[in-house]
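Engineer: Could you have a look at this structure, given as structure tokens, before my questions?
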Amino acid sequence: MSSPTTTTLEKPLESTTDNDDTPKMFHYVRKSKIAESAVMGSFVVALCGETFPVTRSPKPGSPVCPDCKKIYESLKA
């Protein structure tokens with residue numbers, strides 16, 4: 001599996017894991033896929049590999065996927 005090579009990350013986005021549409025944690029995804037997913041309902045792939053449709057944006061203090069955060073921090077270096 002190749003490592004992510006994008007630098008177009010904007011902000012973490014959420015994924016849901018239950019039926020109440022409440023985000024459990026937010027993930028980092030490609031900036032170019034955010035609007036497409038929000039409008040079309042297509043799935044995005046987070047840095048950690050999780051796939052989900054974008055349904056909400058994070059607010060300050062929202063929980064972030066530790067795997068995505070670690071990968072994102074390593075890309076900034």
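Engineer: Check whether at least one residue in segment 35-47 is of a type in the set (D, E, K, R) and within 14 Å of Lys24 (Cα to Cα), and report yes or no.
Structural biologist: no
Engineer: Given the conditions (1) crowded, with 18+ Cβ neighbours inside 10 Å; (2) at pLDDT 90 or above, and given that Glu36 satisfies all but one, which numbered condition is not satisfied?
Structural biologist: (1)
Engineer: Out of Thr6, Thr55, which single residue is surrounded by fewer than 18 Cβ atoms within 10 Å (Cβ to Cβ), of a type in the set (S, T, N, Q) and at pLDDT below 55?
Structural biologist: Being surrounded by fewer than 18 Cβ atoms within 10 Å (Cβ to Cβ), of a type in the set (S, T, N, Q) and at pLDDT below 55 holds for just one of Thr6, Thr55, which is Thr6.
Engineer: Is there any pair linking a residue in segment 61-77 that is within 9 Å of Cys48 (Cβ to Cβ) and in contact (Cβ under 8 Å) with a residue 40 or more places away in the chain to one that is buried (at least 17 other Cβ atoms within 10 Å of the Cβ) and of a type in the set (Val, Ile, Thr), with Cβ under 9 Å and at least six apart or on different chains, and which?
Structural biologist: Close Cβ pairs satisfying both conditions: Cys68/Val29.
The values are calculated or read from the model by the stated rules, or taken from the named source; none is laboratory data. For clarity, every value in this text was computed on a predicted model and none was experimentally measured. Neighbour counts run over all protein chains shown; Cβ positions are idealised from the backbone, glycine included.
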